[in-house]
Amino acid sequence: MKKFDERDIMFSRMSYEKGSISYKDYYSRHPEKKEFDDYLRTLPNICGIGTETYHPINSKFPDSIFRFLGDIKELSSGEKAKKVTEVNSVEMSSRIKKFLKFLGADAVGISEMKDEFYYSHRGRNSKVYGNEVVEKHKYAISFLVEMDKSMMNRAPMLEEVIEVTKGYLNAGIIGLVGSYFIRDLGYDARNQMDGNFLSVVPLVARDAGLGEIGRNGLLTTKKYGSRVRIGVITTDMPLEVDKREDWGLEEFCKICGKCIKTCPGKSISIKKTYDENDMLRWKINHETCYEQWRRLGTDCGICIVACPFSQGIDETLINEMKGNKNKMMKILRKHEKEHGIREFIKNPLDIVSD
């Protein structure tokens, strides 16, 4: 599997200002992307004036969170204590999981950090644009922060993007405190948080046993579906790894397809294909997906709430569904009866009501 290049992701590409060194370099290497990317730049910014969900006051809620995250992301790494505290890997793994849950994480898992999960090059921060990713660790501590169901079920309205940014905020702070704790013990640690990721975190969390990758390209869990934000702390502290799970999500996604039917940008593929990294997967058309974000003014979230797992499924049924199409159909019929094609709450919450 080839590495992903952070310069290729939409958030990076949209940060390249016309005439800048990064803009000139990227489109000299990818001229086929320039015309559409320049078109996207003409659209209103997410949470900006001219989007379908814009509100002069409420749209500042997520903006303020993202601005704060931008201010603290540089704290992701730092100096470790000179004195190393000897730890037992089994005991330390249990301790760090309990600590992160105490801080607010809803699930925690540990995996070895595969080299291919790191980006090949940095792209989102102009200061380090094009730099090869060399800061690497042996282990990764992945954790999940649940996003509130009632907020997300209002997708693609403002409540959705407010809840998503709150998820990034909580994950960022949990990861920062966790990485400070590890460095205080004399081990190196780096928090992977919004705006300062060095790796493709859904793949890391999958290997830590926290979920599987669904058709919508997102980590999908048994308990919360895709309704989570992911945090990752990489470290050289000795830890015990968890097992990756396979509970039949891929088979389920093949017969479900609710995310395909509800995606406003028609951005989710029907068949698996090989991507530019030689990875066989359901591909997301990131350009048409992101185009919807710029039009809507939120990061949409419809594919998240359309997933039956995001609305809650009896875990007994989940544990019995692998290789059993009848069980999968039972889950789908129950979901259809209770939620229709997708759950959608139209009335606004107090946080955005006038």
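For the reader, a short list of remarks on this structure follows.
- Lys60 vs. criteria out of contact with any strand residue (DSSP E or B) (no Cβ under 8 Å at 6 or more places or on another chain), open to solvent by 90 Å² or more (accessible area, probe 1.4 Å), closer than 30 Å to Leu158 by Cβ and of a type in the set (Lys, Arg): yes
- The residues listed here are Ile284, Ile318; of these, the one that is modelled with pLDDT of 95 or more and either within 20 Å of Trp247 (Cβ to Cβ) or open to solvent by 20 Å² or more (accessible area, probe 1.4 Å) (or both) is Ile318.
- One residue stands out in region 249-260 among those that are surrounded by 18 or more Cβ atoms within 10 Å (Cβ to Cβ) and not basic (Lys, Arg): the one that is nearest to Gly225 (Cα to Cα), namely Leu249.
- Failed item, numbered, when Ser267 is tested on (1) among the hydroxyl-bearing types (Ser, Thr, Tyr); (2) farther than 20 Å from Tyr224 by Cβ; (3) open to solvent by 20 Å² or more (accessible area, probe 1.4 Å): (3)
- Looking across Ile49, Ile21, one residue alone is more than 24 Å from the chain's Cα centre (by Cα), more than 30 Å from Glu160 (Cβ to Cβ) and open to solvent by 30 Å² or more (accessible area, probe 1.4 Å). It is Ile21.
- Looking only at region 122-155, and only at residues there that are touching a Lys or Arg at 6+ places or on another chain (Cβ under 6 Å) and under 30 Å from Gly19 (Cβ atoms), the one that is most open to solvent (accessible area, probe 1.4 Å): Asn131
Per-residue answers, yes or no, for (1) in a helix (DSSP H, G or I); (2) in contact with a helix residue (DSSP H, G or I) (Cβ under 8 Å, 6 or more places away or on another chain); (3) modelled with pLDDT of 95 or more; (4) open to solvent by less than 10 Å² (accessible area, probe 1.4 Å):
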{"site": "Gly172", "(1), (2), (3), (4)": "yes, yes, yes, yes"}
{"site": "Leu176", "(1), (2), (3), (4)": "yes, yes, yes, no"}
{"site": "Ser179", "(1), (2), (3), (4)": "yes, yes, yes, yes"}
{"site": "Tyr187", "(1), (2), (3), (4)": "no, no, yes, no"}
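- Which listed residue is of a type outside the set (A, V, I, L, M) and either within 19 Å of Val204 (Cβ to Cβ) or assigned to a helix (DSSP H, G or I) (or both), from Lys261, Lys266, Lys271: Lys261
- Qualifying residue in region 70-83 (condition: touching a Phe, Trp or Tyr at 6+ places or on another chain (Cβ under 9 Å), charged (D, E, K, R) and either surrounded by 14 or more Cβ atoms within 10 Å (Cβ to Cβ) or farther than 26 Å from Gly19 by Cα (or both)): yes
- Within region 255-267, residues that are polar (S, T, N, Q) have Cβ atoms under 8 Å from residues that are in a helix (DSSP H, G or I) and open to solvent by 20 Å² or more (accessible area, probe 1.4 Å) in these pairs: Thr262/Cys303; Ser267/His286; Ser267/Thr288; Ser267/Cys289; Ser267/Gln292, counting only partners at least 6 apart in sequence or on another chain.
- Val241 in a loop (DSSP other than H, G, I, E, B), closer than 22 Å to His137 by Cβ and touching a residue at least 60 places away in the same chain (Cβ under 8 Å): yes
- Of the residues making up region 321-354, those that are open to solvent by less than 70 Å² (accessible area, probe 1.4 Å) and closer than 30 Å to Phe61 by Cβ number 8.
- Annotation for region 305-313: at least one member residue is open to solvent by 20 Å² or more (accessible area, probe 1.4 Å) and either farther than 15 Å from Leu218 by Cβ or of a type in the set (Ser, Thr, Tyr) (or both).
- Across region 112-141, the qualifying residues are those that are without any contact (Cβ under 8 Å) to a residue 60 or more places away in the chain and not in a helix (DSSP H, G or I), and the one among them that is farthest from Tyr26 (Cα to Cα) is Val134.
- Within region 196-229, the set of residues being in a loop (DSSP other than H, G, I, E, B), open to solvent by 20 Å² or more (accessible area, probe 1.4 Å) and farther than 17 Å from Leu249 by Cα comprises Phe197, Val200.
- The lone criterion from (1) under 22 Å from Phe102 (Cα atoms); (2) open to solvent by 10 Å² or more (accessible area, probe 1.4 Å) left unmet by Met193 is number (2).
- Counting only helices (runs of 4 or more DSSP H) wholly contained in region 10-99, no element carries 3 or more residues that are of a type in the set (A, V, I, L, M), without any contact (Cβ under 8 Å) to a residue 60 or more places away in the chain and closer than 20 Å to Leu169 by Cβ.
The values are calculated or read from the model by the stated rules, or taken from the named source; none is laboratory data. Quick caveat: nothing in here was measured; it's all calculated off a predicted structure. Here Cβ is always computed from backbone atoms with ideal geometry, including for glycine, and neighbour counts include all displayed protein chains. Heavy atoms of the whole protein, side chains included, go into the accessibility calculation; ligands, DNA and RNA do not. Shrake-Rupley method; radii C 1.70, N 1.55, O 1.52, S 1.80 Å.
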